[in-house]
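Worksheet: the structure to be examined is printed underneath.
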Amino acid sequence: MKYNSMKSFLFTILGAFLLVGCGTNRYEEHYSVISVGDYTSSKEQPKLIEIANKKQLNSLKNNGNYILIGKSDFFDIYTPRTLAIDCAKKHGASLVALELGKGEIIEYDAIKHVSTTSTTYFYGDIQGTATTYGSTPVVVKEHMLCYPQTAYFFAKREFSNSFGVSFQLPENIPGNKDKTVRVLAVQKGSQAEKSGIKKNDIVKSINGETISSPDDVIPYIKGTKIIKTIKVSHE
């Protein structure tokens, strides 16, 4: 009787541990870095945009004041939003936008405990019966409604410029000979927008000085030089 009861107790504890373990830090476990080093780490409570739509996300991505520093992709039940906030705090994000896809029912194996009893009969010098109560683990099919979810983590840009443009530098990886600097985003209503500059344009010159490598735009990114004019080519 003691053995069966203890076995049932251990299965219960194990199941609870697995559920808690899977539910902790889901965002953090799936966090992928997108940008490092050019944003201000926030010390304040991150702002949460619940179930952001495509228009909101595109607006944030094209906002010259924010930079997308990371995101978390996962397929799970509707996760508590406090986990996204905790993840944003850890990485210094000042804003987190959540995108929720269409729910999908999935099937998985679950362990259920079926109650069991057994009766033992005694004969001879001692006559009587003893009943043992316990449970037997059985694998059954369960169904759960899950959602494809993405959390986008945004931080304030460390440097910004009044011209209203931010730059996309080529990937700094071995063997990459591409030195092209492109326009990453243009702020609405800015001088850059009024000048006809658009996202993905190739930057040819700034203030009349030729831009031939990523190093040429670093002073403008850091704010040590002010942008007055930009010449680009459209593709």
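Bear in mind these aren't lab numbers, they're just calculated from the coordinates by the rules spelled out. Predicted model, so just to flag it, every value in this text is computed and none were measured. Here the Cβ positions follow ideal geometry from the backbone for every residue, glycine too, while neighbour counts run over all protein chains shown.
Highest mean packing comes first when the peptides 201-213, 146-158 are listed by Cβ atoms within 10 Å, giving 146-158, 201-213. Checked against a 22 Å cut-off, the cross-linked pairs LYS177/LYS228; LYS177/LYS198; LYS156/LYS188; LYS204/LYS228; LYS102/LYS156 give Cα-Cα distances beyond that limit for LYS177/LYS228; LYS177/LYS198; LYS102/LYS156.
Count neighbours as other Cβ atoms within 10 Å of each site's Cβ, and list the GluC sites (Glu not before Pro) in the stretch 24-125 that are DSSP loop with at most 15 such neighbours. Those that pass, being in a loop and sparsely packed, are GLU44, GLU50. Between PHE163 and ILE227, the built amide H atoms are under 5 Å apart, and every one of these is 5 or more places off in sequence or on another chain. Subtracting the Cα-Cα distance of VAL114 and VAL140 from 0.36 nm times their residue separation leaves 8.3 nm of extension gain. The alpha-carbon of LYS225 sits under 14 angstrom from the alpha-carbons of these aspartates and glutamates, leaving out residues fewer than 8 places away in its chain: GLU209, ASP215, ASP216.
Once backbone amide H atoms are built at 1.01 Å from N, LEU95 has LYS47, PHE154 as its partners under 5 Å, excluding neighbours fewer than 5 places away on the same chain. For the stretch 78-103, the residues whose amide N sits under 20 Å from a probe point set 7 Å from the Cα of GLU50 along the beta carbon direction are 78-89, 94-103. In this structure the amide hydrogen of GLN168, modeled in the peptide plane, comes within under 5 Å of the amide hydrogens of ARG182, VAL183, LEU184, none closer than 5 places in sequence on its chain. Across the options ILE206, TYR220, SER195, the greatest Cα extent toward the positive end of the charge dipole of the stretch 165-233 (unit charges at beta carbon of Lys, Arg, Asp, Glu) belongs to SER195. Taking label points 7 Å from Cα along the Cα-to-Cβ direction, THR82 and ILE105 give a separation of 3.1 nm. Paramagnetic label reach from GLU29 (point 7 Å along Cα→Cβ; backbone nitrogen cut-off under 19 Å): within the stretch 39-81, residues 71-81.
Of the cross-linked pairs LYS55/LYS194; LYS71/LYS222; LYS89/LYS231; LYS55/LYS141, those separated by over 29 Å at the C-alpha level are LYS89/LYS231; LYS55/LYS141.
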